[in-house]
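Q: Here's a structure for you.
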Amino acid sequence: MTTVAPVNTPDSRKPASLSAAPDAQVVEFPAGIPAFEMCRRFVVIASPELSPLSCLQSLDPPEASFLTVDPRLLDPQYDFTLREFERARLGAAVDEALVWLAIVTVAPEGGATANLRAPVVINARRMVGCQFIRDDHEYPVRFPLTRD
Amino acid sequence: MLVVTRKRDEAIVIGDGIEVRVLRHGHDGVRLGITAPPHVAVHRQEVYETIRAANASAAADRTRVPDLIARIKENLGSKEVGK
């Protein structure tokens, strides 16, 4: 498994993508994420075996680990616009390229859903991340990833 | 719990820079205006609890991941995934 870091893309209209890097780069989540407020440091792990998913792994106890997916794969019309106070929390400029990850839930029956309502957004330039709840959209918390 | 009575257009101040103001009230509910610094997240409780619960269940079992990835790829079909 390769450890990767998110990188900026020159096209600010599109979300940044993930690419391989030699060292694990730690992303700070100053507020943790809901239910895991104590998890402040994460790394993003991607590998061919995991594709199209990647893994958001906490370095802080209880070392929570999340599967994530690029929201673009699920909804080509997904709105990647952040509100001003959200950008401020990431220290992101208006045209900053950001990494967006939808958290995946594996159902007991084996299917899976992705949370498009509360994406994790990472500013790779500052290595800071946050999970935003998109009160301004009706995106589903459980978007089906598999056909059941 | 602190209980205060507020009329329309009256507010309470919480800590440094958080203000909750009653904009309107009626039979169907109370409309509140909240002003808070950028680092303070403000959410409807039921929405926040939904996301908390989703995160908690998402962090669970990963033993079926290889099978799951196969099914997701199948579902996404011919779309270029992982790019």
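Q: Could you check the range B:1-38 and list, in sequence order, the residues that are assigned to a strand (DSSP E or B), over 22 Å from A:ARG83 (Cβ atoms) and either touching a residue at least 60 places away in the same chain (Cβ under 8 Å) or of a type outside the set (D, E, K, R) (or both)?
A: Within the range B:1-38, B:ALA11, B:ILE12, B:VAL13, B:VAL22, B:HIS25, B:GLY26, B:GLY29, B:VAL30 qualify.
Q: Based on this model, can you work out whether A:LEU101 counts as within 28 Å of B:HIS39 (Cβ to Cβ) and among the aliphatic types (A, V, I, L, M)?
A: When the stated conditions are applied, A:LEU101 passes them.
Q: So how many residues does the range A:50-59 have that are touching a residue at least 24 places away in the same chain (Cβ under 8 Å) and either within 11 Å of chain B (Cβ to nearest Cβ) or of a type in the set (D, E, K, R) (or both)?
A: Qualifying residue count for the region: 4.
Q: Quickly run through the range A:77-99 and pick out the residues that are assigned to a helix (DSSP H, G or I) and either out of contact with any Gly (no Cβ under 8 Å at 6 or more places or on another chain) or more than 14 Å from chain B (Cβ to nearest Cβ) (or both).
A: A:GLU84, A:PHE85, A:GLU86, A:ARG87, A:ALA88, A:ARG89, listed by residue number.
Q: Can you confirm whether A:CYS130 is over 21 Å from B:GLN45 (Cα atoms), assigned to a strand (DSSP E or B) and not aliphatic (A, V, I, L, M)?
A: no
Q: Just for the range A:35-49: of the residues that are more than 7 Å from chain B (Cβ to nearest Cβ) and part of a loop (DSSP other than H, G, I, E, B), which one is surrounded by the fewest Cβ atoms within 10 Å (Cβ to Cβ)?
A: Selected residue: A:PRO48.
Q: So which residues in the range A:90-110 are without any contact (Cβ under 8 Å) to a residue 60 or more places away in the chain and within 15 Å of the chain's Cα centre (by Cα), if there are any at all?
A: A:LEU90, A:LEU101, A:ALA102, A:ILE103, A:VAL104, A:THR105
Q: So, in the range A:12-34, of the ones that are within 11 Å of chain B (Cβ to nearest Cβ) and assigned to a loop (DSSP other than H, G, I, E, B), which residue ends up modelled with the lowest pLDDT?
A: That would be A:SER17.
Q: B:LYS79 - would you say it is modelled with pLDDT under 80, part of a loop (DSSP other than H, G, I, E, B) and exposed (fewer than 15 other Cβ atoms within 10 Å of the Cβ)?
A: It is true that B:LYS79 is modelled with pLDDT under 80, part of a loop (DSSP other than H, G, I, E, B) and exposed (fewer than 15 other Cβ atoms within 10 Å of the Cβ).
The values are calculated or read from the model by the stated rules, or taken from the named source; none is laboratory data. Note that the coordinates shown come from a computational prediction; the quantities given were computed from them, not determined experimentally. So basically every Cβ, Gly included, is an ideal-geometry build from the backbone, and we count neighbours across all protein chains shown.
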